[in-house]
Amino acid sequence: MRLICILSFLTAAAFGQTMVEYGSVAGAAGASGAGLGKQAGSLLGNMGSALSRASGTDGAKPKTIMAPVARAKSTPEPEAPKVDVIAGLVNVKTGIARAELLASLGKPSSSISMPEDDHMMESMRYNVDGKSVVVIKLTDGVVTEIEKP
């Protein structure tokens, strides 16, 4: 038991010594890296001032003259007519085309399309009231599922 305790202590001491030596080497390397960064910064600063002298600006910013610009009046985009989703659901059945769905319910609140195997899957969400959502799923442009609240 004593032998195990002594070996554990020696192992921990050796590991601690290794960490201290590694830290001192890493610190010395970082100090030389800091000097290199300062040299690169001063070199770039000298290049900037030389370029300013060569261009004749001596660091002064050129004056910008702004001409008045006539702005066109923006017209708001016309809103899509509000469609009563509940009333439009009467016309929506599985098997109808995407165009018929959009004619009955209008543009969905959100939609997502993704390819799956050899088919195009689409999920459209319509807000019925502030709380309920109708989800209509299409496969290859045909309604396949209607999830009502």
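Side notes on the structure shown:
- Verdict on Val142 being within 16 Å of Asp84 (Cβ to Cβ), of a type in the set (Val, Ile, Thr) and surrounded by 13 or more Cβ atoms within 10 Å (Cβ to Cβ): no
- Number of positions in segment 135-149 that are assigned to a strand (DSSP E or B) and either under 17 Å from Val90 (Cβ atoms) or acidic (Asp, Glu) (or both): 5
- All positions within segment 118-137 that are over 12 Å from Val85 (Cα atoms) and basic (Lys, Arg): Lys131, Lys137
- Number of residues in segment 75-106 that are outside any helix (DSSP H, G or I), surrounded by 10 or more Cβ atoms within 10 Å (Cβ to Cβ) and at pLDDT below 90 equals 3.
The values are calculated or read from the model by the stated rules, or taken from the named source; none is laboratory data. No experiment lies behind these values; they were computed from the predicted model shown. Note that each Cβ is placed from the backbone with ideal geometry, even for glycine, and that neighbours are counted across all protein chains shown.
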